[in-house]
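Readers should treat all values here as calculations from the given coordinates under stated rules, not as data from a laboratory. All figures in this text were calculated on a predicted structure; none of them were measured in a lab. A quick note on method: Cβ atoms are made from the backbone with ideal geometry, for glycine too, and the neighbour counts reach across all protein chains shown.
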Amino acid sequence: MDKIGGTLEYELSDNTLFTLDYTSYLYEESEDARRYGYGGETDLLSGFKVGAAMHRMDGGTEKRRYTESRLYAIKEFKKTVISLDNLYLYYDKNLAGNNHAYSLNTNMSYLYTDQLSASINIEYLKDQNFTDSISLFFTLEYSYE
């Protein structure tokens, strides 16, 4: 698969950003697809950001034809960042008797020192096959020079 695309960003104000993006996916064994859309992010309060986006995937297969919406919020404290992210896919046709999928993701990270950080990520996913899954990830990161 090859991927080609780009993003345009425009600052509406000091704390508000608007984006347009387009990506073309070139597959070797199936028909190509295009993903395009728009989004925005604003800093409501010091360290509290919210964002939303809408995208369209137009592909050669049923699994690659859907509309995607996303809402998220991020709160930054001195050494802690907490985020909540919701992604919803609405398929053009029913796949396995269902035409939508969604995920809800939350993350908390903490910076212990300039080199050491830790995070926990929890994700709930329901796909178009009615499969439910919950994932839990722990990350410990150390940067050295």
- Which order results if Ile4, Ile122 are arranged by neighbouring Cβ count within 10 Å, fewest first? Ile4, Ile122
- If each residue's Cβ is checked for other Cβ atoms within 10 Å, how do Glu141, Glu29 rank with the fewest at the top? Glu29, Glu141
- At a Förster distance of 35 Å, what's the computed FRET efficiency of Ser13 paired with Leu136, Cβ-Cβ distance as r, to 0.05? 0.40
- Say we join alpha carbon atoms closer than 10 Å with springs in a Gaussian network model of the chain; which of Leu89, Leu45, Leu20 then has the biggest fluctuation? Leu45
- Note on the structure: With R₀ set to 25 angstrom, the calculated FRET efficiency between the beta-carbons of Tyr22 and Asn129, to the nearest 0.05, is 0.30
- Considering only the other residues whose Cβ falls under 13 Å of the Cβ of Leu44, what net charge follows from Lys and Arg at +1 and Asp and Glu at -1? -2
- Please state the charge dipole magnitude for the chain, taken about the Cα centre, from unit charges on C-beta atoms (+1 on K and R, -1 on D and E), reported in debye and rounded to the nearest 20. 460
- Query: How high is the relative contact order of the range 42-142, in percent, with contacts defined as C-alpha pairs under 8 Å that are six or more residues apart?
  - Reply: 18
- Query: Taking the chain as a Gaussian network, Cα atoms linked when under 10 Å apart, which of Thr80, Thr106, Thr67 shows the biggest mean-square fluctuation?
  - Reply: Thr80
- Message: If neighbour count is taken as other Cβ atoms inside 10 Å, put Ile134, Ile120, Ile74 in order from fewest to most.
- Response: Ile134, Ile120, Ile74
- Query: If we count every other residue with Cβ under 9 angstrom of Gly59's Cβ, Lys/Arg +1 and Asp/Glu -1, where does the sum land?
  - Reply: +1
- Using a 10 angstrom cutoff on alpha carbons, build the Gaussian network for the chain and name the most mobile of Glu28, Glu123, Glu11. Glu28
- Query: Using alpha carbon centroids, what distance separates the range 25-47 and the range 90-120, in Å?
  - Reply: 15
- Message: I need the shape label for the chain. Rule: rounded when a/c is under 1.5, else prolate if a/b > b/c, else oblate, with a, b, c from the alpha carbon gyration tensor.
- Response: prolate
- Query: What ³J(HN,Hα) values, in whole Hz, does the Karplus curve 6.51 cos²θ - 1.76 cosθ + 1.60 give for the range 91-106 when θ = phi - 60°, with x put for Gly and Pro?
  - Reply: 7, 5, 10, 5, 10, 6, x, 9, 10, 9, 8, 7, 9, 10, 10, 10
